[in-house]
1. Over the chain, what lengths in whole Å, largest first, do the semi-axes of the equivalent ellipsoid take, defined as the square roots of 5 times the eigenvalues of the alpha-carbon gyration tensor?
2. Once you have the alpha carbon radius of gyration of region 125-169, what is it after dividing by 2.2 N^0.38 Å, with N set to its residue count?
3. Determine by what factor the alpha-carbon radius of gyration of region 1-150 differs from 2.2 N^0.38 Å, reporting the quotient.
4. Looking only at 60, 307, 45, which one moves most when the chain is put into a Gaussian network model with springs between Cα atoms under 10 Å?
5. Taking neighbour Cβ counts within 10 Å as the exposure measure, how do 157, 234 sort from fewest upward?
6. Whole number please: convex hull volume per residue, Cα atoms of region 217-291, in Å³.
7. Which order, highest average first, do 104-110, 291-297, 6-12 follow once you tally other Cβ atoms within 10 Å for each residue and take the mean per peptide?
8. Near residue 33, within a Cβ-to-Cβ distance under 11 Å, what is the net charge of the other residues, with Lys and Arg +1 and Asp and Glu -1?
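Values quoted throughout were computed directly from the atomic coordinates according to the rules given, and no laboratory measurement underlies them. This one's a predicted model, so the numbers in the text were calculated from it and none came from an experiment. Neighbour counts are summed over all protein chains in view; Cβ atoms, including those assigned to glycine, are modelled from backbone coordinates with ideal geometry.
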Amino acid sequence: MSVLVTGGAGFIGSHTAVVLLDHGEDIVILDNFSNSSPDMLDGIRRITGKDFKFYEGDMRDKALLDRVFTENKIESVIHFAGLKAVGESVEKPLEYYDNNINGTLCILEAMRKYGCKIMIFSSSATVYGNDNPVPFVEGMKTSATNPYGWTKVFIEHILEGVCESDKEFSAVLLRYFNPIGAHKSGLIGEKPNGIPNNIMPYIMKVAAGEYDHLNVFGDDYDTPDGTGVRDYIHVVDLANGHLSALEYARKNKGAEAVNLGTGKGTSVLELVAAVEKASDRKIPYVITARRPGDIAECYADVSKAKRVLNWQAQYDVDDMCADNARWALKQ
Ligand code: WQD
């Protein structure tokens, strides 16, 4: 029996693949390399000393999905594959709705066709929108301010609907906060194509001298130092959370949304200081206007993850920055 990891060559997917293989799971990876590269697959093999089947292609290719499900006994799916750049989603909404939602429907149709009834879904704290108070709690109303966020909201509802119609189906909707860091080996990490949308890979390019400064998007928020506060979580903690979710889904039916965060907020300037300490490099920055759509604070209530998955984050921001520097700066 195998676990299908869609988007398994990506940042969170590759780290989760390592955890699954280290835990003795058989995995199959499907990835189209739209925001990843084959060298991540080599990194997974070098870290674990194990191999796995890999299919290159798009999750909307139904003939490819038939091959995956007929050539392997897929017991469960951990579904990472998806486009995830907020700004890009505003410029290209149709591409985001087609790729993320139609892609997920193709995966779910293949699962139904071949009798696979467990999905761990890569959701996001973005589903809490702009109107909820922090810390965010799973039962809060969900909404979005951009097409990327709406795809996550819609797919959560699709999975709730599948579980309503098929009482044997299990779905855990993991709402990630802000994943950063890298595997301690330095062999896998975040490597976005093009100019990074997220802060940590951008800071790392400043530390590496590729960019001369960081633009801090606003210092006039109602936060301790005026800059945006986020719940940064180590990608290895996140990967372990997927294994805990899979073990839970194997024993429980129905749909459950669970926050994967640390429950602690860190401001942009605090993150910059932590990177400077970890990398021993100066990170010059310029305060600029707020980025449209940003919220002041975003951090998790993590009690449900502990209660339901028996999972909690182990690493702090200093660990995340040290591991990130080792990966990005080969320190
Ligand atoms: C973090 C903080 C910015 C860049 C997004 C998605 C979310 C998830 C994680 C996919 C904010 C500030 C950033 C920069 C800055 N993605 N910042 N200068 O926006 O919290 O979350 O990524 O699952 O769904 O919404 O992450 O890293 O872009 O920003 O000052 O060059 O850093 O204002 O306060 P965000 P981010």
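1. Computed over the chain, the values are 31, 22, 18 Å.
2. Working: Rg = 12.0 Å, N = 45, 2.2 N^0.38 = 9.3 Å.
Normalised by 2.2 N^0.38 Å, the Cα Rg of region 125-169 equals 1.28.
3. 1.09
4. Of 60, 307, 45, the most mobile in the Gaussian network model is 307.
5. In increasing order of surrounding Cβ atoms, one gets 157, 234.
6. Details: hull volume 8.7 nm³, N = 75.
Value for region 217-291: 116 Å³ per residue.
7. Values: 104-110: 18.9, 291-297: 15.0, 6-12: 26.6.
Top of the packing list down: 6-12, 104-110, 291-297.
8. In short, -4.
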